[in-house]
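**Student:** Encoded as structure tokens, here's the structure I'll be asking about.
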Amino acid sequence: MASGETVHTEQYKRVRSILISQPKPERSPYYELEKNNSLQIDWRPFIHVESLNSKEFRKQRIRIEEFSAVIFNSKKFY
């Protein structure tokens, strides 16, 4: 290094809490992470998914372009 140059070092804040946008599961690898690193993990389901079969979809004449997100799933939910 040439004389007069300064070295820039970054300092990071310690993470204390993590927000996960899904319902709280029974088992998760996050539990071990939470325990070993003294973290607080918040589970919040932000997304609400409504099932709709193809007949209902056509009947309602849903305009996909009016929605910010649409999830198509081939699994049948009863």
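**Student:** So what is the 222 nm mean residue ellipticity for the chain from helices alone, if each DSSP H run of at least 4 adds -39500 (n - 2.57) and you divide by all residues, rounding to the nearest 500 deg cm²/dmol?
**Tutor:** Mean residue ellipticity at 222 nm (helix-derived): -5000 deg cm²/dmol.
**Student:** Still on this structure, I have one more. Could you tell me which residue out of L39, S21, V49 lies farthest along the dipole of the chain toward its positive end? Charges go on the beta carbon: Lys and Arg +1, Asp and Glu -1, centred on the Cα centre.
**Tutor:** V49
**Student:** Then there is this: Add +1 for every Lys or Arg and -1 for every Asp or Glu among the other residues with Cβ under 11 Å from the Cβ of S38, and state the total.
**Tutor:** Here the charged neighbours net out to +2.
Bear in mind that the values in this text are calculations on the coordinates, not laboratory data. These numbers were taken from a predicted model, which means no experiment stands behind them. Positions of Cβ are generated from backbone atoms using ideal geometry, with glycine treated the same way; all protein chains shown enter the neighbour counts.
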